[in-house]
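*Asks:* I'd like to ask some things about the structure below.
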Amino acid sequence: MKSIQRCIAAVLLTSAAGLAGAQGYPTKAVRIIVPFPPGAGVDIVTRAVSGRLAEALGQQVIVDNRAGAGGILGAEVAAKATPDGYTVFMATAGILTVIPHMNSKAPYSVERDFIPVSLVASVPSVLVVHPSMPVKSVKDLIALAKAKPGEINYASTGNGTLPHLAAEFFKQQAKVNMVHIAYKGSAPATTDLLGGNVQVFFGNMLSVIEQVRAGRLRALAVTSLQRQAVAQDIPTMIESGFPGFEAGTWFGLLVPAGTPREVVGRLHADTAKAVRQPDVQKQLAGQGATTIGNTPEQFAAYIKSESAKWAKVLAASGVKAD
């Protein structure tokens, strides 16, 4: 009986300590793990929001880039972090809704290891090619790919990431054969595309739009349902002959499972406040991103619905884990 009483007392003390810590949160810097290199779309969004989030929290916010394995490395680090609110994870759509279906040995479980905080932003992808490519439209690209089967390389941000699946879906629909070259994020993929080492890329608009504006890359289509205000001259994939072709990405904050509810609530409120700031919205809108800032419950439901959608695409594509 005494041992049981001691256990109950220990639990009560731990709960009280956790609640007290939550009420005083935050008392030190908060780290946001970004699972891709600097310059990637998720990194751009994180850095755009982090300054305003720091102001709202009253503490420094540190961006910690942990690239590798298509985002799996960063997800593992975040999943194993102490659940005290001082390590936050800025995840991508692929990490939360694609990789779990591809890799049964992934070192994290979305449902088991994370608590959603807020969907931060969404952004469409852009089908871009190197300017040396003799193509000016999606129709031209299809004709060239059919004339040179297996000779055109396309980049992705990692095996099973959304740029990879978008390209695979395009290949299925267009009935063309292009070779997949996987990178560790948008920045290295874009760099090799600029250098002509790969020819095609479904890059998110945040990562490639400035290169398109500078003429260093040529945009053929966007993957959103409608043309984007920041790039009205770029047609949609739907206009280019692919009905229902939508393959954008999104970024959202999560914390390790076990993080106190009060801390999750504080992080959500301050994240929503940060993404509503006019300067943040203007900066990201200028690059084709839409800020969101929904509730933890809404974000959890969105993850579930997106996961079901991409599970069907994966089944049809046959894409396998490395």
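*Asks:* Given the conditions (1) part of a helix (DSSP H, G or I); (2) under 19 Å from Ser137 (Cβ atoms); (3) at pLDDT 95 or above, which single one is not true for Asp192?
*Replies:* That leaves (2) as the condition not met.
*Asks:* Moving to a separate point now. Quickly run through the stretch 106-140 and pick out the residues that are aliphatic (A, V, I, L, M) and outside any loop (DSSP other than H, G, I, E, B).
*Replies:* Val110, Ile115, Val117, Leu119, Val120, Ala121, Val123, Val126, Leu127, Val128, Val129, Val138
*Asks:* Which members of the stretch 85-105 meet the condition of being surrounded by 19 or more Cβ atoms within 10 Å (Cβ to Cβ) and more than 17 Å from Gly252 (Cβ to Cβ)?
*Replies:* Matches in the stretch 85-105: Tyr86, His101, Met102.
Quick grid of which residues meet (1) in contact with a Ser or Thr (Cβ under 7 Å, 6 or more places away or on another chain); (2) part of a helix (DSSP H, G or I); (3) assigned by TED's automatic domain parsing to the domain that holds Thr27:
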| residue | (1), (2), (3) |
| --- | --- |
| Thr259 | no, no, yes |
| Lys273 | no, yes, yes |
| Gln281 | yes, yes, yes |
| Tyr302 | no, yes, yes |
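*Asks:* Go through the stretch 188-204 residue by residue and tally those that are buried (at least 22 other Cβ atoms within 10 Å of the Cβ) and either under 19 Å from Ala247 (Cα atoms) or not aliphatic (A, V, I, L, M) (or both).
*Replies:* The number of residues fulfilling the criteria is 8.
*Asks:* Would you mind telling me which numbered condition in (1) free of Cβ contacts under 8 Å to residues at least 60 places away in the same chain; (2) assigned to a helix (DSSP H, G or I) Ala48 fails?
*Replies:* With respect to (1) free of Cβ contacts under 8 Å to residues at least 60 places away in the same chain; (2) assigned to a helix (DSSP H, G or I), Ala48 is out only on (1).
*Asks:* Can you find, within the stretch 106-144, the residue that is surrounded by the fewest Cβ atoms within 10 Å (Cβ to Cβ) among those that are among the polar types (S, T, N, Q) and out of contact with any helix residue (DSSP H, G or I) (no Cβ under 9 Å at 6 or more places or on another chain)?
*Replies:* Checked the stretch 106-144; the qualifying residue surrounded by the fewest Cβ atoms within 10 Å (Cβ to Cβ) is Ser132.
*Asks:* Give me the residue from the stretch 55-71 that is within 26 Å of Met205 (Cα to Cα) and surrounded by fewer than 22 Cβ atoms within 10 Å (Cβ to Cβ) and, out of that set, farthest from the chain's Cα centre (by Cα).
*Replies:* Only one residue tops the list, namely Ile62.
The values are calculated or read from the model by the stated rules, or taken from the named source; none is laboratory data. None of these values were measured; they are calculated from a predicted model. Positions of Cβ are generated from backbone atoms using ideal geometry, with glycine treated the same way; all protein chains shown enter the neighbour counts.
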